[in-house]
Each structure stands twice: as C-alpha cells, then as structure tokens.
Amino acid sequence: MENKIPETEGIKYAGSKLKILPYILQEVESLPDVKHILDGFSGTTRVSQAFYKSRYDVTCNDISYWSETFGKCYLQADKPVSYYQPIIDHLNALEGKIGWYSEHYGAKNLDNGKYPFQLHNTMKLDAIREEIDNLGLSEIDKHVILTSLILALDKVDNSLGHQVSYLSKWSARSYHKLELKVPLITYPKLGKTEVIRGDIMDTIKDKHFDLAYLDPPYGSNNNKMPSSRVRYSSYYHLWTTIIKNDQPKLFGKAKRREDTRDLVSTSAFEDYKKDKNGKHNALNELEKLIQEIKANYILLSYSSGGIITKDELIDILQKNGTLIHSRDIDYKKNVMANMKWTNEWSAKNSSNQEYLFLVKK
C-alpha cells in the first residue's frame, strides 16, 4: 500500500491493526458521504486515531478502562505539548520508592518467580502514580499523563506483549530506565469526538453513524488454545490497575486482578459455545450487532484464526446489507502467536489472514 497514513501511537497489543491501517482507510476514503465514524471495539485506539487525523468525526467505544484513557488522550487532549511537558519533566525527576506496585510486580532478580518489571522501574511507577493523583489534573489532562505512563512502562516490560505470563529471563528492554514522554496528541482539535467506555450494544441504541468500523474480539477456532483465556481484560490487567489505582485483590502467578477471572471476565464475541442449532454464540452476537446497528455502511475486520468462519461472516453480512467489497490481507501473526499457550499450534498456522468486508446497509 502506497497511500500515506497518519502517524498513530500505541502499546504492544494482541489485536493491533497498525499494519492494516492503509487498507482500512482506503475502504473508507472510497465512500464520498462518510463524515461520522464509529470505532466500535477501539482497543488501543490506533484506528480511531487514524480516522480522527484523517478529519472524520469519531465515536470511540470499548469496554476497557485503558481504551477509554487512550481515547481521551489521543482524541480529546485540549492543550498543547508545551503544557504537558513540565508535568512530564516533574514526574520523571521523582525519586523512586517502594510501594504497592513494587511489592507485587517488581523484582531485582527472577530467582523466586517471573515478574513484569525490574524493581528500579516499579519504584519509579510507585512514586509517579502516587504523584499523578496529587497534581489536581483535569480529567482529560490526567488521561494524557496516564497514557504517557503506560507507554513508558510498555517500553520496559518483561513480557511477550501481554500480562498473563512473564519471561523467565529479563528482557533487554527491562533494564532500561522508565522515562515518560508526552504522547502523540493532536492540538488544536480537528473535529468532533466522543469517547465511550461501555458495551457496544448499549452504545448503538440511540445513535446513527455514517460508517461503523467493527473489529470484535475473535476468540480462537483452534481447540488447542483455551478459549476461556482469550480475554483482553486479562491480557492487560495491569493497565487497568494503573488507571484505577485501586490496589485490587490479586490471584495466580501473573497476579491478575480478581475481576479478570475467566468466569467473570467474558465476552459474548469470544464465546466458543454453541446454541441448540449448532451455531456459535459469538456468531449470533455478531449478527445481532450488525442487525441493530444504525449505520449507512459497516466495515468489518476479522481474523482467519477467529471462531467465526469467512463463509459465516459473508452469510450474515449479505443477509443484512449489500456486500460492496471484501479483501483478504496476508498478515504476519501478531503478538497472539507468541503467547505461551499458542506455541503448540502457531507453527502449523503460520499463515494468517485478516478479512475486511465493506457493507452498505
């Protein structure tokens, strides 16, 4: 793809769409009457950022706290970099201290287990996170600074890109010093934006969009990958804790939040179980969303490794609109392929495709 895309920013992420952003923008730019776009499962908001910087009005929706924080940072920052830089400088200058994060997530060595960060960085985290709450920041400003903190932590972590297990030896980047930088904010604002943390079915009830971009969680179509573990709240539980700073009850070797247990943190779009007619519950949920969403166009992306098959996707899309265009994008496996419990089958499934469907309702 030769068309230039806007610069976006984000963390290591299992569902990242960074590499297919040119294809997504190309599909939308082919439509002359699109101004207001819904990014229904916004994740780290890279797609929302690209839409926004391409001068579309954007509604950004996700159920996660960290997605809301990224959205408010990248789509709603209302001050220039020069305002945030002194705050960042002040936080970087703080002396580290032992606190809750160091007690649970930091270590000098890995003799007694695996940890996501080295102690010198969790000590900085403890000092910085406490100070952020003491600064009296506005809501938007706080989201900008929290985004900066998460981006910095992501650059010094000891993981494969998720927080369900950690590396048995310190990664090279984990030795680096935690250093905050002002996020890649856009100021002054380019258009209208709305950032929603909520269930997609609630978000669409009373709203109409020119186009809805849908990138639902996929689950897995491989029975060697435990579907109950395919929970984004589990993958990034630490980001939730840092945003809320609520010192939750923890469980397991990865010290996940209690509210991310598999039986608690579930998504209907990842449900591998089937109904009495033999259809996956995930398929039923996606079809319900497509039926109920009020949009002139739907742009759906989905992975060949997901629960729902390509033929099933085409079937429900054609039942609920006119399929204008579809493409299969060869896509090098993202961080999902490196997750510990997928190694058994990832070598046999090295080819991965991203499906992109454009539908007129």
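The values are calculated or read from the model by the stated rules, or taken from the named source; none is laboratory data. Just so you know, these numbers come straight off a predicted model, no measurement behind them. Ligands, DNA and RNA are stripped out before the accessible areas are found, and what is left, the full protein with its side chains, is counted by its heavy atoms. Shrake-Rupley method; radii C 1.70, N 1.55, O 1.52, S 1.80 Å.
Is it possible to state the helix-based mean residue ellipticity at 222 nm for the chain, with each DSSP H run of 4+ residues giving -39500 (n - 2.57), the sum divided by total residues, to the nearest 500 deg cm²/dmol? What is it?
-9500 deg cm²/dmol
Throw me the Rg/Rh for segment 55-170, computed over C-alpha atoms with Kirkwood Rh, two decimals.
That ratio equals 1.01.
If you average the sequence gap of Cα pairs under 8 Å that are 6 or more apart and divide by the length of segment 42-180, what percent do you get for the contact order?
Result for segment 42-180 is 24 percent.
With Kirkwood's inverse mean 1/r over C-alpha pairs for Rh, give me the Rg to Rh ratio of segment 1-111, two decimals please.
Taking Rg over the Kirkwood Rh, I get 1.09.
Consider the candidate values (1) 59, 48, 38; (2) 80, 52, 38; (3) 64, 46, 42; state which one is Cα extents along the principal axes in Å computed from the structure displayed.
Only one option fits the structure, namely (1).
Pop out the Kirkwood hydrodynamic radius of segment 107-223 from its pairwise C-alpha distances, inverse of mean 1/r, in Å to one decimal.
17.8 Å
Of D154, D328, D206, which has the most accessible area with a 1.4 Å probe, and how do the rest follow in descending order?
D206, D328, D154
Hey, what does the equivalent ellipsoid look like for segment 1-55, semi-axes from the Cα gyration tensor as sqrt of 5 times each eigenvalue, largest first, whole Å?
18, 13, 10
Which percent of the accessible area of segment 86-242 is formed by carbon and sulfur heavy atoms (probe 1.4 angstrom)?
Roughly 48 percent of what the probe reaches on segment 86-242 is carbon or sulfur.
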